[in-house]
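Laboratory data are not the source of any read-out in this text; all were calculated from the coordinates shown. Just so you know, these numbers come straight off a predicted model, no measurement behind them. In this analysis, Cβ positions are derived from the backbone assuming ideal geometry, glycine residues included, and neighbour counts consider all displayed protein chains.
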Amino acid sequence: MTYALDGIRVLEIGTFVSAPYCGKLFAGYGADVIKVEPPGGDIARAHGPFRNGEPHPETSALFLYLNTGKRSVELDLRTPAGLDAFYRMVEQADVVIENFQPRDAQALGVKYDRIREVNPHAVVVSITAYGQDGPYADYRTNNLTAFAMGGQMYITGTQEGGPLKNGGYQADYQGGLNAFSGAMLALTAAERDGEGQHVDISVQHCMAPLLESGIPVYSYLGRWMPFRRGNHMASFIGIYPCTDGHLGIHLMPRNWKPFLETIDRMDLYEDPRFKTQADRTVHNDELMAEFFAWAAGETKKDIYERAGRMRAPIAYVHTMADLLESPQLRERGFIQQITHPVAGEASYPGPPWWLGPDGWRPEPAPLLGADTEVVLTDVAGLDERQIAALREERMVSV
Amino acid sequence: MTAPLDGVRVVDLTMVWAGPFGTRMLGDYGAEVIKVESPGQWDLLRALGQIPRTEERWWNKSAYFNHNNRDKYSFALDLGKAEGREVLLELCRQSDVLVENYRTDVMDNFGLSYEAVREANPDIIYVSMPGHGKSGPEKDYVAYGTNVEQLAGLVSLSGYEGGEPMKTGFSYGDPMAGTALVSAVCLALRKRRLEGHGSFVELAQRENLTAFVGEWMVDYSMNGIERQPTGNRHPHMAPHGCYPCAGYDNWVTVACQDDDEFAALAKVLEQPELSEDERFATAAGRKEHEQELDALIAAWTSQRGHYEAMHILQRARVTAGAVLTIPEVMSDPQLRYRGGWVEHSHPDAGTWEMEAPPWQLSRTPGHIRMHAPRFGEHNSYVLRDVLGLSEERIAELYSSGVTSDDPEKSLHQ
């Protein structure tokens with residue numbers, strides 16, 4: 001079996017979500033990903049949620065998930081010997097991923113120019129909220145503020161409730177996925193030309209164009225909708241409570257008839273108020289009242305299955321329990337059991353896309369510093385004395 | 001400088017958002033993307049541009065279409081006809097990648113399954129982008145844009161505190177699948193270099209988005225607790241929220257990651273004593289008293305504009321970001337500085353601004369090289385230059401309606 005990234009070595013000096021998600025994808029598709037953690041580890045280790053709610057650096061679900069299949073080196077880049085060891089590893093790397101703020105990266109000595117000098121073949125991926133330069137490049141950011149500045153927050157939530165972020169760390173994940181695609185393009189070029197480059201990912205730049213038709217329509221026609229539409233783009237695109245959860249419908253014109261057949265309301269098919277999508281838009285509130293009344297009597301899994309058979313776009317809001325029980329995800333092998341030496345067994349999402357049935361490596365996240373000695377020996381080429389000195393220095397600096 | 005995907009030819013059978021957005025980025029970074037539209041079944045986005053049907057060639061003027069289909073060629077071909085299928089297979093012989101996002105059974109019904117295309121070209125990389133996947137009990141279920149995030153578990157985690165699950169502001173799964181397509185294609189191209197033959201890639205949109213809430217799946221499987229929506233709050237950090245500003249519907253987000261940052265915030269609020277206040281001196285204390293903190297911050301932000309509040313807070317090194325509207329992201333100084341929007345011209349649609357390629361690659365940057373194609377604009381290029389068909393055969397394709405220079409106008413009225 002060949003993994004798509006066989007033979008690729010990645011150095012990840014990223015923390016929290018964006019760079020680790022990028023690194024996770026590299027590891028999943030077969031690269032050797034060396035995660036360089038600061039003394040004490042990636043802050044995601046301190047973040048949780050933890051097994052049984054008890055903080056422990058090896059049982060944070062956030063860390064466990066985002067760092068599957070990597071090796072961990074605990075190294076203090078603030079010491080000269082630590083930084084030197086880092087650059088020795090850079091010599092052996094195809095890709096370097098980092099998500100420091102530009103001025104923190106400079107202060108730490110993680111600089112593109114120096115990496116390029118040491119290894120011109122390397123692809124260096126920098127993930128930040130705003131990019132490497134510009135008026136906000138040094139502004140402090142996190143997932144919340146990036147979500148706001150990327151334009152996605154203004155359109156999320158209800159008008160009265162105010163702008164809302166989506167669950168979890170969506171701006172950070174978008175950064176990680178965009179970084180992976182940008183990095184893969186640069187790696188493709190590097191393997192062809194023998195020359196690396198700097199891939200500068202601005203999460204704001206990635207997020208802002210994605211507001212459905214919002215940007216094209218505003219830019220071209222000067223029109224935009226200055227409000228939030230909550231759970232309903234229209235009566236026929238929205239979320240409705242049912243007896244045991246929530247249903248989501250998304251009806252295009254051609255789905256109208258199969259939808260009414262599914263919910264056994266063909267009387268509405270003849271109703272002149274709802275003949276065309278335009279009619280349904282005009283009589284939006286009346287139709288919404290019908291849908292609220294209908295959904296309130298349904299149970300989510302039954303109607304989902306019936307709608308599936310009858311080709312009507314009715315889904316239900318899957319909880320985490322629903323995901324784990326999903327017959328679809330289970331049959332496809334998307335839910336994968338991974339056993340971690342400290343955190344134990346847990347269920348993880350599988351590959352975000354499939355490069356054949358065996359194209360993805362489901363392996364646990366590393367213990368903090370588990371591979372320090374091996375990697376410093378094999379990759380950085382340090383001898384026992386140098387490693388011992390590093391260990392000493394780290395103790396001094398911590 | 002040679003673009004990363006220079007020399008890679010892509011047959012693009014995708015429509016609407018996820019697929020076209022992804023293949024457009026392949027085009028941004030150098031691939032030759034040939035968008036295949038049937039004269040009788042063409043891309044819905046051409047019809048969603050709010051262009052009056054009285055305008056000449058209105059189907060070429062939809063900005064929604066034109067943003068997501070630049071850097072492509074348009075080739076009109078009816079795959080439902082035997083001759084159309086034959087021409088498509090000939091095109092696949094000359095291509096590296098095929099991307100499709102039809103309902104799961106459509107390609108099989110056309111006789112264009114992976115196996116059929118592989119027979120024509122064993123080197124082809126065949127990418128399917130279905131909602132649920134090409135296998136499993138739900139594979140034929142219909143799922144559109146907003147359904148994907150419901151199926152992915154994201155909606156169950158989103159919403160105001162104590163409120164019901166909340167959708168995202170857009171069909172979030174679509175652009176995430178499109179973004180993933182670029183790396184999926186690059187990975188498959190590398191695999192082809194290693195193995196010497198093509199492969200099948202399956203990008204199920206709900207799986208791709210489920211990966212964005214993976215930590216909550218791990219958490220649930222370890223702890224058995226369903227987490228409820230927490231609005232804009234954070235599990236540990238406080239303050240961490242969205243605050244009203246002066247004017248109508250203006251907002252700024254503010255977060256404090258540690259004690260120093262909170263002390264800086266307290267100074268901006270002109271209440272430096274807050275950082276000594278025992279309610280707020282520690283992260284745990286701030287979390288416990290976050291509602292009181294929210295009121296103090298809102299009292300300050302509501303006296304200021306949202307950009308103004310952000311800049312004042314940032315000068316004090318406090319994490320803050322204005323909630324930008326659509327016009328504001330287009331005028332934002334940072335995005336302008338980065339060249340995030342570029343002027344663009346189209347022979348039918350005129351001149352306006354569209355987004356630059358998203359990722360800045362220092363040595364091989366992406367470019368907007370071509371305007372989005374007018375329907376059937378490159379029929380001649382594909383039939384003559386790429387496929388080398390005889391004039392006789394081309395005339396037959398036109399007369400039998402397998403290809404056409406005009407779309408069937410009644411489709412998206």
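Legend: mean number of C-beta atoms from other chains within 10 angstrom of residue C-beta atoms, peptide B:346-354, equals 2. For segment A:171-297, relative contact order (Cα pairs under 8 Å, six or more residues apart, normalised by length) works out to 18 percent.
Across peptide A:355-364, the mean count of Cβ atoms from other chains lying within 10 Å of each residue's own Cβ comes to 2. Straight-line cross-link partners of B:LYS167 among the lysines, defined as a Cα under 16 Å from its Cα and at least 8 positions apart when in the same chain: A:LYS165. Dividing the Cα radius of gyration of segment B:122-176 by 2.2 N^0.38 Å, with N the residue count, gives 1.44.
Subtracting the Cα-Cα distance of B:GLU278 and B:TYR398 from 0.36 nm times their residue separation leaves 35.2 nm of extension gain.
Within chain B, DSSP assigns beta bridges of which about 45% are antiparallel (rounded to the nearest 5). Under the combined filter of DSSP loop state and at most 13 neighbouring Cβ atoms within 10 Å, segment B:207-312 retains these trypsin sites (Lys or Arg not before Pro): B:ARG279. Determine, from the Cβ-Cβ distance of A:ARG223 and A:GLU373 and an R0 of 56 Å, the FRET efficiency 1/(1 + (r/R0)^6), rounded to the nearest 0.05. That pair, A:ARG223 with A:GLU373, gives E of 0.35. Under 15 Å from the Cα of B:LYS61, which aspartates and glutamates turn up, not counting those fewer than eight places away in the same chain? Leaving aside aspartates and glutamates fewer than 8 places away in the same chain, those within reach of B:LYS61 are B:ASP43, B:ASP348, B:GLU353, B:GLU377, B:ASP406. Bridgeable lysines around A:LYS111 (alpha carbons under 29 Å apart, same-chain partners fewer than 8 residues away excluded): A:LYS24, A:LYS35, A:LYS70.
When only alpha carbons are used to place a centre, segment B:234-267 and segment A:311-335 end up 37 Å from one another.
Taking amide H as placed 1.01 Å from N in the peptide plane, B:ILE125 has its amide H under 5 Å from the amide H of B:VAL97, B:LEU98, B:SER199, each at least 5 places away in sequence or on another chain. Among A:159-165, B:167-173, B:114-120, the peptide with the highest mean count of other Cβ atoms within 10 Å heads the list, and the full ranking is B:167-173, A:159-165, B:114-120.
Here the calculated FRET efficiency for B:GLU86 and A:MET288, from their Cβ-Cβ distance with R0 = 51 Å, stands at 0.60, rounded to the nearest 0.05. Size check on segment B:21-130: the Cα extents along the three principal axes, sorted descending, read 45, 32, 23 Å. Modelled label positions at B:VAL106 and A:ASP193, each set 7 Å beyond Cα in the direction of Cβ, lie 3.7 nm from each other. Ordered by the count of other Cβ atoms within 10 Å of each Cβ, fewest first, B:THR351, B:THR319 give B:THR351, B:THR319.
For chain A, DSSP calls about 45 percent of its internal beta bridges antiparallel. Less than 15 Å from a label point 7 Å out along the Cα-to-Cβ axis of B:TYR381: which backbone N atoms in segment B:349-368 qualify, by residue? What the label zone holds, given the 15 Å backbone N cut-off, is B:368. Please report how far the C-alpha centroid of segment B:171-226 lies from that of segment A:36-59, rounded to the nearest whole angstrom. Computed from Cα coordinates, the inter-centre distance equals 25 Å. Residue-normalised convex hull volume from the C-alpha trace of segment A:232-317: 76 Å³ per residue.
Under the simplified labelling scheme, the B:ARG336-A:ARG361 pair shows an inter-label distance of 4.7 nm, with each label point 7 Å from Cα along Cα→Cβ.
With R₀ fixed at 22 Å, the C-beta to C-beta distance from A:LYS275 to B:SER410 puts the FRET efficiency at about 0.75. Mean residue ellipticity at 222 nm, helices only, the protein assembly as shown: -10500 deg cm²/dmol; runs of at least 4 DSSP H residues each add -39,500 (n - 2.57), and the sum is divided by the number of residues. Our coupling estimate for segment A:312-318, obtained by passing each phi through the Karplus curve with A = 6.51, B = -1.76, C = 1.60 and θ = phi - 60°, is 10, x, 10, 10, 10, 6, 7 Hz, Gly and Pro reported as x. The mean count of C-beta atoms from other chains within 10 Å of the C-beta of residues in B:251-263, rounded to a whole number, is 3. Distances between placed amide hydrogens fall under 5 Å for A:VAL33 paired with A:VAL10, A:ARG71, all partners being 5 or more residues away or on another chain.
Restricting to segment B:1-74, compute how many DSSP beta bridges are antiparallel as a %, nearest 5. Beta bridges within segment B:1-74, antiparallel portion: roughly 10 percent. Annotation: chain A has a Kirkwood hydrodynamic radius of 23.9 angstrom, from the mean reciprocal C-alpha pair distance.
Full extension of the chain between B:GLN291 and B:GLU226 gives 21.0 nm of extra length, using 0.36 nm per residue less the Cα-Cα distance.
Extension gain, B:GLU161 to B:ALA246: 0.36 nm times the residue separation minus the Cα-Cα distance gives 28.2 nm.
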